[in-house]
1. Which whole-number percentage describes the relative contact order of segment 2-96, with Cα contacts under 8 Å and a sequence gap of 6 or more?
2. Provide the gained length on full extension for the span residue 101 to residue 53, in nm with one decimal, where the gain is 0.36 nm per separating residue minus the Cα-Cα distance.
3. Between 0 and 90 degrees, rounded to the nearest ten: what's the tilt of helix 48-62 against the longest Cα principal axis of the chain?
4. Order the peptides 56-64, 80-88, 42-50 from the highest to the lowest mean number of other Cβ atoms within 10 Å of their residues.
5. Hey, what number do you get for the chain at 222 nm if only DSSP H runs of n ≥ 4 count, each worth -39500 (n - 2.57), divided across all residues, to the nearest 500?
């Protein structure tokens, strides 16, 4: 199972790129994959082919009107079941003995 964190934004637009990020989040949300939106990126959970297909779809949508795109991707693969979007946080909270305000 893969956890993939990525950020993708156009380089040639104004200061705010939230409209372009929203376009990607629409693709992500409709993908059916588990995901978590953060202020600095989005984390997807699924198998390799699924998460890479979503990143590719976001890129294809953005390149329609963005001639220069920057992307940051971080990938964590671990053999086994899904659910790590929440279980990794729960494991840290267990060590602390309390809930975090995430």
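Read-outs throughout are calculated quantities, based only on the coordinates presented, and are distinct from any laboratory measurement. Keep in mind it's a predicted model, so treat the numbers as computed, not measured. Cβ coordinates were reconstructed from backbone atoms using ideal geometry, including for glycine residues, and neighbour counts include every protein chain displayed.
1. Contact order relative to length: 44 percent.
2. Stretched fully, the residue 101-residue 53 segment lengthens by 14.1 nm.
3. Rounded to the nearest ten degrees, it is 30.
4. Numbers: 56-64: 14.6, 80-88: 12.3, 42-50: 16.6.
Peptide ranking by packing, descending: 42-50, 56-64, 80-88.
5. -13500 deg cm²/dmol
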